[in-house]
Amino acid sequence: MPYKQAILPYLHNTDAHTSKIGACNTVVRGQEGKLYGFNTDVAGVLRPLEQRLTIENAKVLVLGAGGAARAAVFGLKERGAEVWILNRTSAKAQKLARQSKAHAIKRPDLRKIAFDVIINATPVGMGNTRDCPLKDPEIQARVVFDMVYDPVETHLLQVARAKGIAVIPGIEMFVQQAARQFEIWTGKPAPAPDMLRAVTIALQDRAAAQKQPKA
């Protein structure tokens, strides 16, 4: 981010996800010097969700229409989910909905559908626990997945937890998309649990450092 789309003209070949989504977050340089593009955001979205529910036929609300949202929408559609897209700019939501055969939705219509999953694929909430992409009463689902990973506990997740909704913190997507990158780059299984522990400790240390009074 923010070069997931800008990199595309420089790639010699891409995987199917990159071609379909129109965004690349992983590049491999071949022995001949050619660049090959992959999109691992799809794995970052699907793997944590698959641990909580059956994706096929699930009703999913995706917030946003950028690169991360595109990965979520196309990945979910590929697995048979029913997907609705809400974006601040409705034209972008409508365009993505047409491309992915999903549905665009306007904010006043949110309460007309009982969603199984809400996914925040916007940066709203990054760096603080006050901003939230939805109003508190709009946060209704079986699972809430916030792609924002810093802070670990966003306002969106706090409200969801208080309502008894299962939550997926952004740190899980961060680790799972990185695990897929590890597999692509090394050809070996990724040590995902160790990666999760390392990221968690790093974020905790950074949060503690930020609370320290400045000299």
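Let's see how each residue does on (1) at pLDDT 95 or above; (2) more than 15 Å from the chain's Cα centre (by Cα):
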position: Ala141; (1), (2): yes, yes
position: Leu156; (1), (2): yes, no
position: Val167; (1), (2): yes, no
position: Ala192; (1), (2): no, yes
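Which condition number in (1) of a type outside the set (Lys, Arg); (2) farther than 24 Å from Thr154 by Cα; (3) touching a residue at least 12 places away in the same chain (Cβ under 8 Å) is the one that Gly64 fails? Among (1) of a type outside the set (Lys, Arg); (2) farther than 24 Å from Thr154 by Cα; (3) touching a residue at least 12 places away in the same chain (Cβ under 8 Å), the lone unmet condition for Gly64 is (2).
Residues are listed down the side, and each one gets a yes or a no for (1) of a type in the set (A, V, I, L, M, F, W, C); (2) surrounded by fewer than 19 Cβ atoms within 10 Å (Cβ to Cβ); (3) modelled with pLDDT of 95 or more; (4) in a loop (DSSP other than H, G, I, E, B):
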residue	(1), (2), (3), (4)
Met1	yes, yes, no, yes
Thr54	no, yes, yes, yes
Val60	yes, no, yes, no
Arg111	no, yes, no, no
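Conditions (1) surrounded by 22 or more Cβ atoms within 10 Å (Cβ to Cβ); (2) in a loop (DSSP other than H, G, I, E, B); (3) among the aliphatic types (A, V, I, L, M), marked per residue:
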residue	(1), (2), (3)
Ile119	yes, no, yes
Asn128	no, yes, no
Val152	no, yes, yes
Gln158	no, no, no
Ala178	no, no, yes
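Among the residues of the range 141-152, is there at least one that is farther than 30 Å from Arg206 by Cα and out of contact with any Gly (no Cβ under 6 Å at 6 or more places or on another chain)? Checked against the condition, which is being farther than 30 Å from Arg206 by Cα and out of contact with any Gly (no Cβ under 6 Å at 6 or more places or on another chain), the range 141-152 yields at least one hit.
The residue that is nearest to the chain's Cα centre (by Cα), counting only those in the range 17-52 that are polar (S, T, N, Q) and assigned to a loop (DSSP other than H, G, I, E, B), is Thr40.
Taken together, Ile139, Ile171, Ile201 contain a single residue that is of a type in the set (A, V, I, L, M), free of Cβ contacts under 8 Å to residues at least 40 places away in the same chain and loosely packed, with under 15 Cβ neighbours inside 10 Å, which is Ile201.
What about Val83, is it of a type outside the set (D, E, K, R), outside any helix (DSSP H, G or I) and in contact (Cβ under 8 Å) with a residue 40 or more places away in the chain? Lay out the reasoning, then the answer.
Details: of a type outside the set (D, E, K, R): yes; outside any helix (DSSP H, G or I): yes; in contact (Cβ under 8 Å) with a residue 40 or more places away in the chain: no.
Spelling it out, it is not the case that Val83 is of a type outside the set (D, E, K, R), outside any helix (DSSP H, G or I) and in contact (Cβ under 8 Å) with a residue 40 or more places away in the chain.
Scanning the range 92-108 for residues that are touching a strand residue (DSSP E or B) at 6+ places or on another chain (Cβ under 9 Å) and not in a loop (DSSP other than H, G, I, E, B) returns Lys92, Ala93, Gln94, Lys95, Leu96, Ala97, Arg98, Ser100, His103, Ala104, Arg107.
Residues of the range 194-215 being more than 21 Å from the chain's Cα centre (by Cα) and of a type in the set (Asp, Glu), which ones? Matches in the range 194-215: Asp205 only.
The values are calculated or read from the model by the stated rules, or taken from the named source; none is laboratory data. This one's a predicted model, so the numbers in the text were calculated from it and none came from an experiment. So basically every Cβ, Gly included, is an ideal-geometry build from the backbone, and we count neighbours across all protein chains shown.
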